[in-house]
Amino acid sequence: MKIAILGAGAMGSVIGALLSKAGHEVTLIDVWQEAVDAINRDGLKVQSQSGATTTCRVRAVTRPAEVGGPVELLLVFVKCYHTVEAVESALPILAPHSTVLSLQNGWGNGPKIAAIVGDKRVLLGVCYHSATVLGPGIVKHGGVGRTFMGELTGESTSRLQTIAGLFNAAGIEVIASHQVIQEIWAKLALNCVTLATSAVTRIAADKLFETAEMRELCRGILGEVIAIAGAQNIRLDFEERWAAIIGLHAKLSPGTKGSMFQDVEKQRRTEIDVINGAIVDAGKRLSVATPLNQSMLNLIKALEATFPAVAGSRP
């Protein structure tokens, strides 16, 4: 299958490498010229949990127009605040039959993409792999997990089964779900609990739950997310989510850093608005208190205000 991936960061690179090794025609699209040059020159280098490094020969470009012709699948992995601009730039490589799959973090990317390309082209999903950018064209695949994807309508379509099948054949375990919105909220719960807390405290993900104080805070954040989901008739079970979050982090490689931790370290804008911020916004709309998520939002915003590039870009 001819595939283009918007965003050659940690996750886009890991998934792109696996799909390319499975024989698909993959092109990575990213504005980071240094990474694009390194990938084209030296190959994409992926370090496993054990520390072994493999090199994948995959093409990388800085503009969708350089992909050449329409793609069958456009995979969206850009940061949430780049979604609209990135997908609009990729319209020339989309044909009527093309599918656009978002595996991004947070809540709200799906409607933005559907408004640009149309509901019928969109698949949504969540990915429980974890990865870290080590340098231009070099990523660490720190954690392996399932990926869920589904149609906006909840139907089981032939294209969903085809795309899920090619991911599975590439060694990326995918479950085709008829409740993808619930799966997105389940992942949102994980991100709300772990990303901001790790970024603020500078505690790596594999060490995050070692103190009673952090576990108490995280359980409180999770309780607010569960309440917001329930108020919207999205069924999440607190104990199931907590056990899943703890279990996932126990399997991570030492020193694994979440995406928000990486953003804070590099003084980049984070995705806090569509993670804890999404819970705060929903709480205001639904009259449900979310003080802990509000605190995480405030702390990350305060950190961002100290970043020259971020502070200078805000009105």
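The values are calculated or read from the model by the stated rules, or taken from the named source; none is laboratory data. Note that this is a predicted model, so its numbers are computed, not measured. Note that we place each Cβ from the backbone using ideal geometry, even for glycine, and neighbour counts take in every protein chain shown.
You will find that of 189, 229, 212, the residue that is more than 25 Å from residue 144 (Cβ to Cβ) and crowded, with 20+ Cβ neighbours inside 10 Å is 229 and no other. May I ask you to list the residues in the stretch 99-128 that are in contact with a strand residue (DSSP E or B) (Cβ under 6 Å, 6 or more places away or on another chain) and either modelled with pLDDT under 90 or over 24 Å from residue 257 (Cβ atoms) (or both)? Answer for the stretch 99-128, where residues must be in contact with a strand residue (DSSP E or B) (Cβ under 6 Å, 6 or more places away or on another chain) and either modelled with pLDDT under 90 or over 24 Å from residue 257 (Cβ atoms) (or both): 99, 100, 101, 109, 110, 113, 114, 117, 121, 122, 123, 124. Residue by residue through the stretch 151-165, note down the ones that are surrounded by 19 or more Cβ atoms within 10 Å (Cβ to Cβ) and modelled with pLDDT of 95 or more. Those that are surrounded by 19 or more Cβ atoms within 10 Å (Cβ to Cβ) and modelled with pLDDT of 95 or more: 160, 163, 164. Scanning the stretch 142-157 for residues that are of a type in the set (A, V, I, L, M) and assigned to a loop (DSSP other than H, G, I, E, B) turns up 144, 152. Of all the residues in the stretch 9-35, those that are free of Cβ contacts under 8 Å to residues at least 60 places away in the same chain and closer than 16 Å to residue 67 by Cα number 9.
Restricting attention to the stretch 129-150 and to residues that are modelled with pLDDT of 90 or more and among the small types (Gly, Ala, Ser), the residue that is surrounded by the fewest Cβ atoms within 10 Å (Cβ to Cβ) turns out to be 135.
Here is a yes/no grid of residues against (1) basic (Lys, Arg); (2) within 18 Å of residue 106 (Cα to Cα); (3) at pLDDT 95 or above; (4) surrounded by fewer than 14 Cβ atoms within 10 Å (Cβ to Cβ):
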{"site": "259", "(1), (2), (3), (4)": "no, yes, no, no"}
{"site": "276", "(1), (2), (3), (4)": "no, yes, yes, no"}
{"site": "279", "(1), (2), (3), (4)": "no, yes, yes, no"}
{"site": "284", "(1), (2), (3), (4)": "yes, yes, yes, yes"}
{"site": "287", "(1), (2), (3), (4)": "no, no, yes, yes"}
{"site": "297", "(1), (2), (3), (4)": "no, yes, yes, no"}
{"site": "301", "(1), (2), (3), (4)": "yes, yes, yes, no"}
{"site": "308", "(1), (2), (3), (4)": "no, no, no, yes"}
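Given the condition closer than 30 Å to residue 37 by Cα and among the small types (Gly, Ala, Ser), answer yes or no: does some residue in the stretch 171-190 qualify? The answer is yes, given that some residue of the stretch 171-190 is closer than 30 Å to residue 37 by Cα and among the small types (Gly, Ala, Ser). Here is a check on your reading of the model: is residue 203 in contact (Cβ under 8 Å) with a residue 24 or more places away in the chain, β-branched (Val, Ile, Thr) and either in contact with a Leu (Cβ under 8 Å, 6 or more places away or on another chain) or on the phi < 0 side of the Ramachandran plot (or both)? No; evaluated as a whole, the condition is false for this residue. Picking from residues in the stretch 192-209 that are polar (S, T, N, Q) and crowded, with 17+ Cβ neighbours inside 10 Å, the one that is nearest to residue 242 (Cα to Cα) is 194. Of all residues in the stretch 193-251, those satisfying the criterion of being of a type in the set (A, V, I, L, M) and assigned to a loop (DSSP other than H, G, I, E, B) are 203, 204, 208, 234, 236.
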